[in-house]
Amino acid sequence: MILLDPKNYYKLTEPLKTVEINHLFAQTVIEQKMDGEIYLDDLEHPSTFYVKHRYGMALLFGKSDNERFNRSLVKYLLNEEGKRVAGEWLQVFPKDWNVRLDELLGEKIQEFSEPMVKTNPENNTKIICSTRVNFQFNRGKYTPTKLNEASTFRLVQTDANLYDQIKGTVVPDCFWRNGKEFAETGTGFTLMLGAEPVSTAFTSFVHEPKLELGIETKKKFQGKRLALYTCSALIDYCLENNFEPVWSCRLENTGSFGLAQKLGFEPVRNIPYYQLPFQNSQKTDQKANSSWASLVGLHYFYKI
């Protein structure tokens, strides 16, 4: 695995077009709209690619039969050198990569289970395989959800000032370099209770004509259907501005899976989703680190 200089990220522009699963996060790195890392098998004639977004999402694609690359890949995936100190979640394309990973890793891959997560929330020896779902938006099944005029909550558009006030595991600051870039290129909507932001839906990635949703609701306000209002406001924005809203989540996250369908999204593709082992460190940048326990409650890393 050869680390690619950012000045050469353009080499992945055309190969990425062959990837049929949702890959907006990888496109964001390739276009250098957010920090990340890219690895190749060969600098002059690359055919295998590994793209990692700063937040921990990763995409492996291209040829799967490069033995030299695969030897390095196994060491990287298993974190044999102990360099990975934050969560990383991998998806692969095409399907033959799933077969190759099974061959290369064998019993090192363990199927996801809730008991396993609860007993070993920060797994650092196994690669945990769950399922990621890609959805497609069906406008005919979408019904806008508006706040009642008598509601104690207030819906506002997220600006650069509010950007800095929104804290949590999955917030705009995880996907944008700063509030200025977010305000200029992205957008979002936040439910306020007085001066407190309680639920937010925002642009995590945008590459016309697609806009991917990121969502988080503060823990004490979860279960009150608040994400419906913020998501609906962002979907309305998409429709008014000719964006296609994009949604992905873990199949095991029943809350997110159900919310997506309430908003008019239909599941169209299930793919294996690998959580890679890491050595936990208190020194890790919190923007890039989420525990296994947090992952259980996320959308594709988000709370509702």
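Values for this structure:
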read-out: Residue list for the range 98-107, restricted to those being closer than 24 Å to K83 by Cβ and either modelled with pLDDT under 95 or surrounded by fewer than 12 Cβ atoms within 10 Å (Cβ to Cβ) (or both); value: G106, E107
read-out: Residues (in contact with a helix residue (DSSP H, G or I) (Cβ under 6 Å, 6 or more places away or on another chain) and either crowded, with 20+ Cβ neighbours inside 10 Å or more than 20 Å from F175 (Cα to Cα) (or both)) located in the range 1-15; value: M1, L12
read-out: Some residue of the range 54-65 being of a type in the set (A, V, I, L, M, F, W, C), farther than 18 Å from Y10 by Cα, over 24 Å from the mean Cα position of the chain (by Cα) and not in a loop (DSSP other than H, G, I, E, B); value: no
read-out: Residue pairs meeting the criteria (Cβ under 6 Å; at least 6 apart or on separate chains; first on the phi < 0 side of the Ramachandran plot, in the range 147-161; second part of a loop (DSSP other than H, G, I, E, B)); value: L155/L147
read-out: Flag if F243 is modelled with pLDDT under 95 and either touching a strand residue (DSSP E or B) at 6+ places or on another chain (Cβ under 8 Å) or of a type in the set (K, R) (or both); value: no
read-out: Sole residue being touching a strand residue (DSSP E or B) at 6+ places or on another chain (Cβ under 6 Å), assigned to a strand (DSSP E or B) and under 28 Å from F112 (Cβ atoms), chosen from P197, P267; value: P267
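The values are calculated or read from the model by the stated rules, or taken from the named source; none is laboratory data. Since the model is a prediction, treat every value here as computed from it, not as a measurement. Cβ: placed from backbone, ideal geometry, glycine included. Neighbour counts: every protein chain shown.
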